[in-house]
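Worksheet for the structure shown next.
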Amino acid sequence: MLPFLAQPKRSKLRASDLDRHHTVELLRQHAGEGRLTTEELEDRIEQAFHARTLGELATITADLPVDPRSMPTASRAIASMRGSGRVRSVAKLVRSIRRAAVVDLVCILVWLLSGHGYFWPRWVILATAIPVVIRAWRYAERRYFPGGAPDPSR
C-alpha cells in the first residue's frame, strides 16, 4: 500500500490519474514478485482504474506489504517528499515567486501606460524580490544541508 494513501484525512479525497497509475505499478510489481496471481492482478487493476477516492485505492493494496524496495521509483519519491515537507516548501516558494511576478508586472504595466519616464517599478521589483530570495535561500539550506551548514573548520 502506498503510505500517503492510507492517511485517514486523505482517504475521502478524489484520486487522480497519477494516483491510479502508481497503484497499478505497485500491483504489477507485487504480481511480478509472486504475491498476486494473474487473475487477482487483472481484477485489482480494474478496481484501481474505477476507484474514485484515495481510500478505495488504499483498500486495493491493503493486504500487500509496504516495502520501500518494492515500491515504484516515482511512488517512493512522492512518499519521501510528502514525508519531509519538501513539497510544501517548493509550493510556498513557487507561490511567492508568482505573487512577486504579478505585482511586478502590474507595476510595469502601470508605468508603461502612464507615459514611461523614470522607471520607478525597479523599487517594487527590489521589494518583492527580497522575500523570494530569502525563501529560496532557506529552501536551499534545508535541501542541501539538512543537518545544518557544514563547519568550515573541518
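Numbers at a glance
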| item | result |
| --- | --- |
| Selected residue [among the acidic types (Asp, Glu), modelled with pLDDT of 85 or more and closer than 12 Å to residue 61 by Cα] from 33, 46, 40 | 40 |
| Selected residue [among the β-branched types (Val, Ile, Thr), at pLDDT 80 or above and exposed (fewer than 15 other Cβ atoms within 10 Å of the Cβ)] from 108, 97, 130, 125 | 130 |
| Residue match in the range 67-77 (condition: part of a helix (DSSP H, G or I) and modelled with pLDDT of 85 or more) | no |
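Residues are listed down the side, and each one gets a yes or a no for (1) of a type in the set (S, T, N, Q); (2) surrounded by fewer than 17 Cβ atoms within 10 Å (Cβ to Cβ):
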{"site": "23", "(1), (2)": "yes, no"}
{"site": "27", "(1), (2)": "no, no"}
{"site": "41", "(1), (2)": "no, no"}
{"site": "45", "(1), (2)": "no, no"}
{"site": "57", "(1), (2)": "no, no"}
{"site": "60", "(1), (2)": "no, no"}
{"site": "63", "(1), (2)": "no, yes"}
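The values are calculated or read from the model by the stated rules, or taken from the named source; none is laboratory data. Just so we're clear, the structure is a prediction, and the values are computed from it rather than from any experiment. Positions of Cβ are generated from backbone atoms using ideal geometry, with glycine treated the same way; all protein chains shown enter the neighbour counts.
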